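Trainee: Pasting a structure here, questions to come.
The values are calculated or read from the model by the stated rules, or taken from the named source; none is laboratory data. Predicted, not measured: the structure shown is a model, and the values here were computed from it. Cβ sites come from the backbone with ideal geometry, for glycine too, and all protein chains shown count toward neighbours.
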Amino acid sequence: MEKQVKRIGILTSGGDAPGMNAVIRSVVRSATTRGIECVGIRRGYSGLISGDVIRLDSDSVSRIINRGGTMLYTARCEEFMTEMGQSKAAATCKQFGLDGIVAVGGDGTFRGLLALSKHGVSVVGIPATIDNDISCTDYCLGYDTAANTAVEAIDRLRDTMQSHERCSVVEVMGHRAGHLALYVGLATSATAVLIPEKEFDFEKDVVENIIKARLGGRTHFMIIVAEGAGSAVEIGDKIREELALDTRVTILGHIQRGGSPSARDRVTAASMGYEAVKVLAEGKTNRVIRSVSGKFDNIDIAEALNMKKGLDQEQYEVLEGITGIYH
Ligand code: F6P
């Protein structure tokens, strides 16, 4: 017997990611089709505490599928970490008659959902972060777009590095994980990729690789550094010192978080939003929607938060195999 779900709320929390608008659209449209009302909570959990709630219908989410950012704004909320903040948020859910909350974000967002569920609110999480570092899922919304943005920027850098016979050191986001840097490094045929999951030796992994590439006839070099692996500025300084190479450093930064979502992110958003509404409509709670081997399902939040995500070993092996310069 399905629980009667009449109204749900959606919020986006933590760092934004391309595809957040597309997933808001999917949740609202999937709910509407089932006769469930939907409201948007603005500025993540702080909006849930203050009651910053707007009505969403099919029309309010028109023409946002292609837009980066999030129409609901996002925030990281200190107050929500406290018992008092969580009680206020639960009171808002009661006040607006919300039978469930869908929160889009990363691990911090899911920890927030877990806390909220302890106050009797039904909750579902949708993974969205350009870092792709959420353990329970193969794929997080925004990753594909961010990777393509970085690849496009690096292709442009390569043009000018080639003309001037320079070395480019590019810092890619990813927080403490190297998924984005490894993927982007593979896509751009980097001379070296430095990621936090693999301890690196500057002489062996950077200097030797550049020398080998130079001996192989290359006149320009591309070093990709995951932000969690170290500072691109420091690596650039060391390359200049040791190899007397004309070196330029680029920190791609928040450029990677913006922009129109790729087809993959829009389609993933559609599926994840649909699944989230289905889970709530079926009377389930404390679930995270995930993608495993190309299929969507859901998993208990506490279980999801206890999982560990390692580097994609296959991708790393391909990097080693193609370049032949890694040990
Ligand atoms: O988690 C997404 C992310 O963009 C990370 O890659 C990065 O370390 C962090 O957020 C940056 O956060 P902020 O937007 O607060 O500078």
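Trainee: Quick check on Gly310: is it of a type outside the set (A, V, I, L, M), surrounded by fewer than 14 Cβ atoms within 10 Å (Cβ to Cβ), in contact (Cβ under 8 Å) with a residue 12 or more places away in the chain and not assigned by TED's automatic domain parsing to the domain that holds Thr219?
Mentor: Working: of a type outside the set (A, V, I, L, M): yes; surrounded by fewer than 14 Cβ atoms within 10 Å (Cβ to Cβ): yes; in contact (Cβ under 8 Å) with a residue 12 or more places away in the chain: yes; not assigned by TED's automatic domain parsing to the domain that holds Thr219: yes.
When the stated conditions are applied, Gly310 passes them.
Trainee: Among the residues of segment 234-250, which ones are touching a residue at least 60 places away in the same chain (Cβ under 8 Å) and of a type in the set (A, V, I, L, M)? Outline the logic, then answer.
Mentor: If we filter segment 234-250 for residues that are touching a residue at least 60 places away in the same chain (Cβ under 8 Å), which is where we start, we get 235-236, 239, 243, 245-250.
Ile235, Ile239, Leu243, Leu245, Val249, listed by residue number.
Trainee: Residues of segment 276-290 being closer than 10 Å to Val102 by Cβ and more than 19 Å from the chain's Cα centre (by Cα), which ones?
Mentor: Val277, Val279, Leu280
Trainee: Take the residues in segment 247-268 that are assigned to a helix (DSSP H, G or I) and within 16 Å of the ligand (Cβ to nearest atom); name whichever of them is surrounded by the most Cβ atoms within 10 Å (Cβ to Cβ). Give the steps one after another, and end with the answer.
Mentor: First, pick out the residues of segment 247-268 that are assigned to a helix (DSSP H, G or I): 253-257, 263-268.
Within this subset, residues satisfying the condition of being within 16 Å of the ligand (Cβ to nearest atom) are 253-257, 265.
Working: Gly253: 11, His254: 11, Ile255: 15, Gln256: 24, Arg257: 20, Asp265: 28.
Per the stated criteria, the residue is Asp265.
Trainee: Within segment 138-147, track down each residue that is away from the ligand (no atom under 15 Å from the Cβ) and crowded, with 24+ Cβ neighbours inside 10 Å.
Mentor: none
Trainee: For a quick check of your reading: which strands (runs of 3 or more DSSP E) sit entirely within segment 1-109 and have at least 2 residues that are buried (at least 24 other Cβ atoms within 10 Å of the Cβ)?
Mentor: Numbers: elements: 7-12, 37-41, 53-56, 100-105.
Where strands (runs of 3 or more DSSP E) fall fully within segment 1-109 and carry at least 2 residues being buried (at least 24 other Cβ atoms within 10 Å of the Cβ), they are 7-12, 37-41, 100-105.
Trainee: Condition check: touching an Asp or Glu at 6+ places or on another chain (Cβ under 9 Å) and within 15 Å of the ligand (Cβ to nearest atom). Does Ala115 satisfy that?
Mentor: Working: touching an Asp or Glu at 6+ places or on another chain (Cβ under 9 Å): yes; within 15 Å of the ligand (Cβ to nearest atom): no.
No: the conditions fail for Ala115.
Trainee: Additional query: Just wondering, is there one or more residues in segment 295-305 that are touching a helix residue (DSSP H, G or I) at 6+ places or on another chain (Cβ under 8 Å), β-branched (Val, Ile, Thr) and farther than 20 Å from Val39 by Cα?
Mentor: Yes.
Trainee: A further question follows. When you scan segment 125-137, how many residues do you find that are within 12 Å of the ligand (Cβ to nearest atom) and either in a loop (DSSP other than H, G, I, E, B) or more than 14 Å from Pro261 (Cα to Cα) (or both)?
Mentor: Here is the first cut: in segment 125-137, the residues within 12 Å of the ligand (Cβ to nearest atom) are 127-134.
Restricting the remaining residues to those that are either in a loop (DSSP other than H, G, I, E, B) or more than 14 Å from Pro261 (Cα to Cα) (or both) gives 127, 129-134.
Summing the residues that are within 12 Å of the ligand (Cβ to nearest atom) and either in a loop (DSSP other than H, G, I, E, B) or more than 14 Å from Pro261 (Cα to Cα) (or both) in segment 125-137 gives 7.
Trainee: Among the numbered criteria (1) within 20 Å of Glu78 (Cα to Cα); (2) away from the ligand (no atom under 16 Å from the Cβ); (3) not polar (S, T, N, Q), which one does Gly108 miss?
Mentor: That leaves (2) as the condition not met.
Trainee: Can you find a residue that is under 18 Å from the mean Cα position of the chain (by Cα), among the charged types (D, E, K, R) and assigned by TED's automatic domain parsing to the domain that holds Met71 anywhere in segment 9-16?
Mentor: Scanning segment 9-16, I find at least one residue that is under 18 Å from the mean Cα position of the chain (by Cα), among the charged types (D, E, K, R) and assigned by TED's automatic domain parsing to the domain that holds Met71, so the answer is yes.
Trainee: A follow-up question, please. Which one of these is assigned by TED's automatic domain parsing to the domain that holds Tyr45 and without any contact (Cβ under 8 Å) to a residue 40 or more places away in the chain: Arg63, Arg67, Arg76? Give the steps one after another, and end with the answer.
Mentor: Numbers: Arg67 fails: without any contact (Cβ under 8 Å) to a residue 40 or more places away in the chain; Arg76 fails: without any contact (Cβ under 8 Å) to a residue 40 or more places away in the chain.
One residue alone meets the criteria, Arg63.
Trainee: Now for a different question. Go through segment 148-171 and report how many residues are touching a residue at least 12 places away in the same chain (Cβ under 8 Å) and within 19 Å of Ile130 (Cα to Cα).
Mentor: Kept after step one, since they are touching a residue at least 12 places away in the same chain (Cβ under 8 Å), are these residues of segment 148-171: 148-151, 153-155, 157-158, 161-162, 164-171.
After this cut, where a residue has to be within 19 Å of Ile130 (Cα to Cα) as well, the list is 148-151, 153-154, 170-171.
Residues that pass the stated criteria total 8.
Trainee: Additional query: Is there any pair linking a residue in segment 24-38 that is free of Cβ contacts under 8 Å to residues at least 40 places away in the same chain and polar (S, T, N, Q) to one that is surrounded by 22 or more Cβ atoms within 10 Å (Cβ to Cβ) and outside any helix (DSSP H, G or I), with Cβ under 8 Å and at least six apart or on different chains, and which?
Mentor: Filtered contacts from segment 24-38: Thr32/Cys38.
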